[in-house]
Amino acid sequence: MEPDGAVLKRRAAEAALGQVADGMVLGLGSGSTAEAFVAALGARIAAGELRDICGVATSERTTVLAQRVGVPLTTLERQPQPDLAIDGADEVDPLLTLIKGRGGALLREKVVAASAARFIVIVDGSKLVTRLGQRTALPVELVAFATPLVTRRLQQLGGNPALRRHADGSPFITDEGHVILDTRFAAIDAPDVLASQIAAIPGVAAHGLFVGLAGAAIVASHDGITWRRR
Ligand code: 5RP
């Protein structure tokens with residue numbers, strides 16, 4: 001039987017399809033919820049219900065999925081401003097500030113979300129938090145050379161960074177060739193301030209705080225679909 005969470009993620013993904021119209025350029029996120037959206041999008045295209053769609057993928061994994069389900073792909077060079085980006089998140093606060101990056105695609109995800117005319121986040125209700133950092137470590141993507149400096153600076157900011165590793169102990173390497181420090185904070189009270197402080201550390205390529213990017217969230221729970229807007 002399909003686990004509950006997967007059903008809710010699929011419902012959020014299907015609700016997002018209602019925002020897609022013929023001819024749109026879409027930012028295609030990463031992670032299981034975004035993948036449910038890409039799969040559903042491919043099915044609509046195959047059925048002839050959506051035409052002239054193309055996507056900008058935020059990870060190699062999403063690229064492979066889009067190709068498999070028949071979603072045509074393009075690049076930001078060709079389409080610098082996608083009409084709509086759809087992606088999941090690890091945490092969503094009441095102002096629609098997000099923590100993203102459990103899947104390790106945060107850098108490309110942030111570039112695509114910032115490029116798009118609209119960014120809608122799709123989540124199941126378990127991702128809603130009153131304060132960021134309650135459940136999830138904040139992923140910080142950096143050039144490996146800068147690991148000692150970035151580690152020290154994150155500690156000075158009150159974080160507890162740990163290098164993300166595969167099960168065999170080798171470091172996780174992102175699609176852009178970087179490493180990730182998953183950084184626990186006791187509480188993130190001012191995400192905009194922390195976002196600026198982390199972005200200013202030399203060697204940091206991106207962090208998982210998405211401030212002011214999501215215009216709306218589609219939340220699937222056992223009570224149905226709800227929209228949250230900023
Ligand atoms: C990947 C991400 C994902 O969107 C986030 O981790 C949520 O994933 P899922 O939909 O599998 O719960 O940011 O980098």
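Bear in mind these aren't lab numbers, they're just calculated from the coordinates by the rules spelled out. The structure displayed is predicted, hence computed values, not measured ones. Every residue, glycine among them, receives a Cβ derived from its backbone with ideal geometry; neighbour counts consider all protein chains shown.
Between the range 182-215 and the range 15-60, the C-alpha centres lie 28 angstrom from each other. Overall, the anisotropy analysis places the chain in the prolate class: the square-rooted eigenvalues a ≥ b ≥ c of its C-alpha gyration tensor yield a/c not less than 1.5, with a/b exceeding b/c.
Does the range 49-93 come out rounded, prolate or oblate by the C-alpha gyration tensor, with a ≥ b ≥ c the root eigenvalues, rounded set by a/c under 1.5 and, if not, prolate when a/b is larger than b/c and oblate if not?
prolate
For the chain, the relative contact order is 22 percent, taking Cα pairs closer than 8 Å that sit 6 or more residues apart in sequence and dividing their mean separation by the residue count. Taking the average, over residues, of other Cβ atoms within 10 Å as the packing measure, peptides 20-32, 105-117 rank 105-117, 20-32 from highest down. With the cut-off at 12 Å, report for the range 125-173 the share of all Cα pairs above it, as a whole percent. Result for the distance tail: 71 percent.
For a straight C-alpha distance cut-off of 12 angstrom, the aspartates and glutamates reachable from K100 (same-chain residues fewer than eight places away being disregarded) are D87, D90, E91, E109, E141, D182. Our estimate of slack between A46 and D22, defined as 0.36 nm per intervening residue step minus the Cα-Cα distance, is 7.3 nm. Relative protection proxy for 169-180, 35-46, from highest mean packing down: 35-46, 169-180 (other beta-carbon atoms within 10 angstrom).
Compute the relative contact order of the range 138-203 as a whole-number percentage, counting only Cα pairs closer than 8 Å that sit 6 or more residues apart in sequence.
Working: 80 pairs, mean separation 28.6, N = 66.
So the answer I get is 43 percent.
Is the C-alpha gyration tensor of the range 138-203 telling us rounded, prolate or oblate? Criteria: a/c under 1.5 is rounded; beyond that, a/b larger than b/c is prolate, otherwise oblate.
The shape class here is prolate.
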